[in-house]
């Protein structure tokens, strides 16, 4: 039994439909993965921002302590290192 042009056309439509379905599935999976990745990046960036803010506060406290120690060392007559 030989394939007719009509049969070949039907097969082509089936293949096209299947390819379109696969492209849609891949697109949905890609969007989901992309969303998951961006959510994780947001979490990491939030942590990084919090760490930098903490570092700024700590640096300010250290600077304040250094200035206070310098004043106290001068009053006591101890040499600074």
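The values are calculated or read from the model by the stated rules, or taken from the named source; none is laboratory data. Just so it is clear, the structure is predicted and the values come from calculations on it, not from any experiment. Neighbour counts are summed over all protein chains in view; Cβ atoms, including those assigned to glycine, are modelled from backbone coordinates with ideal geometry.
Some points to look at:
- Residue within the range 5-21 that is in contact with a helix residue (DSSP H, G or I) (Cβ under 9 Å, 6 or more places away or on another chain) and loosely packed, with under 10 Cβ neighbours inside 10 Å present: no
- Restricting 67, 43, 47, 53 to residues that are at pLDDT below 90, within 23 Å of the chain's Cα centre (by Cα) and either part of a helix (DSSP H, G or I) or surrounded by 10 or more Cβ atoms within 10 Å (Cβ to Cβ) (or both) narrows the list to 53.
- With respect to the stated conditions, residue 79 is part of a loop (DSSP other than H, G, I, E, B) and either modelled with pLDDT under 95 or surrounded by 10 or more Cβ atoms within 10 Å (Cβ to Cβ) (or both).
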